[in-house]
Structure formats: C-alpha cells, structure tokens
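The values are calculated or read from the model by the stated rules, or taken from the named source; none is laboratory data. These figures come from a predicted structure and were not determined experimentally. Cβ placement follows ideal geometry from the backbone for every residue including glycine, while neighbour counts extend to all protein chains displayed.
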Amino acid sequence: MLLTFFYTLGSSGWSSRDKAFNTTSANLLFWFLIIIIGLRPLSWVFGDMGTYAHYFHDMQIDGQITSSGDWGFYILMLVLSKLVSVQLFFLILVVLYIYTLYKACKRLFPNYYYYAFLFLVSSFSFFTYGTNGLRNGLATSFFILGLSYANSRVLRWFWFLLAWSFHSSLVLPIGAYILASIYQNTKVYLSFWLLSIFMSLAMGSFWENLFMRFGLNFSNRVGDYFTEKDLYQDSFSSTGFRWDFLLYSALPIYVAYYFIFKRDFRDKFYTKLVNMYLITNVVWILVIRASFTNRFAYLSWFMMGLVIVYPFLKKVYWKDQYMRMGLVLVLYYSFTYFMNVIVY
C-alpha cells in the first residue's frame, strides 16, 4: 500500500507507465493475497475455519448436508469434499473470494482496477471475512461482481441470487439494491442516515426487537444474529453504541457527499451504490448495540471501498488527484491497521 501511495505522489495522469504499474501491481497483489490467505494453516485461530473443516470432514465420510440454510455454500462444500483435500478446499474458497473482487474491479475500472482492488482489500473486515466469516465474505464478493454487470440483468441477478444462496443475510443488500433502483434521491437517504443515529440513541431496544422479527421472517441468517449471540461473538462484537464504528462508517458518506453535492458528480451507478450503502448502514445503526454489531455492519461495509474510490477513478478534478487519492487510502487503511494490530 505504501508503495502505491508514494507512486501516486509522482503521477500526474494516465500513461503507458501508469498502465504497466496498474497491471503488474494488481497481479502481484492478487497472488500475494492468494498465497497469504489461501495457504494459511488449518487452525481454530481463524475462528470459523475449524468449524468448516469439521463440516468438510463429516461430508467426506457420510456425504450428506446437515445444514438447512445457505444451501449454495454447502452444495459447493459437498462437491469439493469428494474431489479435494480440506486444505485445497480452503484455497479454492479464497480464490473465489478474491478473484470475484478482482474481476469486478477490472470490469468497473478497466484502466485503474488496481486502485479499486487495493481499496477493497484494505478494508477493515477484508481479512476477517476471508478466514473466519467465509460464507458471508464469499456472498458479498459475489454481490459486488453482480453489481459490475450493470448492463446485463441476467448476469447481475445470477450473482445476486448466488450470493444469497451462500449467505441469506444478503437479502438486506439485495433489498437495498431494489429500493435504490426505485427511489434515487440521495438527499433523502442521507437525511435518514443522520436521523437514524438519534433514533438508535433514543429507541435502541425497539429497533432491535423490530429487526429481530423481520430477520426471523425473511432470513434465517439475519435472525440468527439476534437469537444466537454466543455463536457470533468475536473480538469485534462488543456491545454498546459503537462511536468508533460509526465514525468509520461515516468516511465513505463524507466522500460521497463531497463529490455528489459539492463537485456535482453525476453517475447513475455511483448514485445507486451510495444509496445502497446508506440504506444498509442505517439498518446497522438502528441495532448498533447488539452483540452481532460487526456482522451486521459488514452488510454495508463491504461496499465501502467502492463508495470511496469510485469518483476518484471516474473523473479528474485536480492535477494532484493521484496524491489526494493516496492520502485517502492511507487514512482509510489507518483504521484497519489501528483496529486489527494495535487495539486487538
């Protein structure tokens, strides 16, 4: 990341040198992540990795799916349990998790995909959902790839539905996509996001109970976040009103506000993306005190990198735009480093 930052300080525009840097850096980063995450040792240190390994071994023995939810993921596990070892199984999951992000960035930003990819993998929860919350991580990567097919409804919904089949909590981003497609007024969504902070402070338990009933009715996985609190406890799930997470969530909102309302950035895809982020983040804010807060927050956070980097890569506003983007990247990654390395 620092190499990218210092490179951007000396860049003034798109050239053959930049193109070579983009391609080479993207490929190196992709394979580096595959090796580091995909070849990690099989260990309970990585949370759910041990549980998935246990399920995988059971399927190798009896060839049956015991879970009633997230059928897409478990069908894939069942098929792979007959073909590969457990170590190769985890490697395949990581390749799917990272390659779909890489592919989506390449589709959205043909010339600048390395920068978008770097923002996505610099996100606070990227490593966690590549090693611990594997189903959720895979599902959100599929969803982002689906978003990149803006001109193909069939392929877009194929990836959306595949994402839902891997983790049914994706019903929330999918619902946000539908709502953002119907109603596009970002000012209204932004106003409601600000209002949701006061609503959560004043009526937190009311919203928890409301969304618990909604989650149980529409998604087993969302419902589990409320009812199976011990199952989803981890180092980032402490309760209370998480002002640190709220400030982190506000960074892409500030960036979006600046470009849309101050710089008059007009892009249908970006408007929909920002509105989706606001919708899903509002739901998390309303239930922010619950012990599953980080799991629910991720249903908006996985879009955060795209919300921040998209306007930087679509239109030139400043002569030193690369430098400004590099500074934003350092700020963005600083929270990841602080929370993962210093705090925990």
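Name every residue in the stretch 164-208 that is buried (at least 19 other Cβ atoms within 10 Å of the Cβ) and outside any helix (DSSP H, G or I), in order of residue number.
Across the stretch 164-208, the qualifying residue is only His167.
Exactly one of these conditions fails for Asn275: (1) surrounded by fewer than 23 Cβ atoms within 10 Å (Cβ to Cβ); (2) of a type outside the set (Ser, Thr, Tyr); (3) closer than 30 Å to Asn151 by Cβ. Give me its number.
Of (1) surrounded by fewer than 23 Cβ atoms within 10 Å (Cβ to Cβ); (2) of a type outside the set (Ser, Thr, Tyr); (3) closer than 30 Å to Asn151 by Cβ, only one is false for Asn275: (1).
Only one of these is modelled with pLDDT under 80 and either over 23 Å from Val121 (Cα atoms) or exposed (fewer than 13 other Cβ atoms within 10 Å of the Cβ) (or both): Ser11, Ser16. Name it.
Answer to the selection: Ser16.
Return the only residue of Val307, Val330 being in contact (Cβ under 8 Å) with a residue 60 or more places away in the chain, among the β-branched types (Val, Ile, Thr) and either under 28 Å from Asp264 (Cα atoms) or out of contact with any Asp or Glu (no Cβ under 9 Å at 6 or more places or on another chain) (or both).
That would be Val330, the only listed residue that is in contact (Cβ under 8 Å) with a residue 60 or more places away in the chain, among the β-branched types (Val, Ile, Thr) and either under 28 Å from Asp264 (Cα atoms) or out of contact with any Asp or Glu (no Cβ under 9 Å at 6 or more places or on another chain) (or both).
Just one of the numbered conditions (1) surrounded by fewer than 22 Cβ atoms within 10 Å (Cβ to Cβ); (2) hydrophobic (A, V, I, L, M, F, W, C); (3) over 24 Å from Ile34 (Cβ atoms) is not true of Phe127; which one?
Here Phe127 meets the rest and fails (3).
So the check is Cβ under 6 Å with 6+ separation or different chains; which pairs have a first residue in the stretch 96-114 that's modelled with pLDDT of 95 or more and a second one that's among the β-branched types (Val, Ile, Thr)?
Within 6 Å, the pairs are Ala104/Ile144.
One line per residue, one yes/no per condition, for (1) under 25 Å from Met49 (Cβ atoms); (2) surrounded by 23 or more Cβ atoms within 10 Å (Cβ to Cβ); (3) touching a helix residue (DSSP H, G or I) at 6+ places or on another chain (Cβ under 8 Å); (4) not assigned by TED's automatic domain parsing to the domain that holds Ile34:
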{"residue": "Val79", "(1), (2), (3), (4)": "yes, no, no, no"}
{"residue": "Leu91", "(1), (2), (3), (4)": "yes, no, yes, no"}
{"residue": "Cys105", "(1), (2), (3), (4)": "no, yes, yes, no"}
{"residue": "Leu134", "(1), (2), (3), (4)": "yes, yes, yes, no"}
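Kindly indicate whether Tyr74 is part of a helix (DSSP H, G or I), surrounded by 24 or more Cβ atoms within 10 Å (Cβ to Cβ) and over 14 Å from the mean Cα position of the chain (by Cα).
Answer is no for this residue.
Quick one: Lys319 ticks every box in (1) under 18 Å from Phe117 (Cβ atoms); (2) in contact with a Ser or Thr (Cβ under 9 Å, 6 or more places away or on another chain); (3) surrounded by fewer than 23 Cβ atoms within 10 Å (Cβ to Cβ); (4) not hydrophobic (A, V, I, L, M, F, W, C) bar one, so which box is it?
Condition not satisfied by Lys319: (1).
Counting only residues that are in a helix (DSSP H, G or I) and small (Gly, Ala, Ser), which one in the stretch 44-71 is farthest from Asn132 (Cα to Cα)?
Ala53
Please enumerate the residues belonging to the stretch 243-299 that are outside any helix (DSSP H, G or I) and within 23 Å of Phe127 (Cα to Cα).
Residues satisfying the conditions are Ile288, Ala290, Ser291, Phe292.
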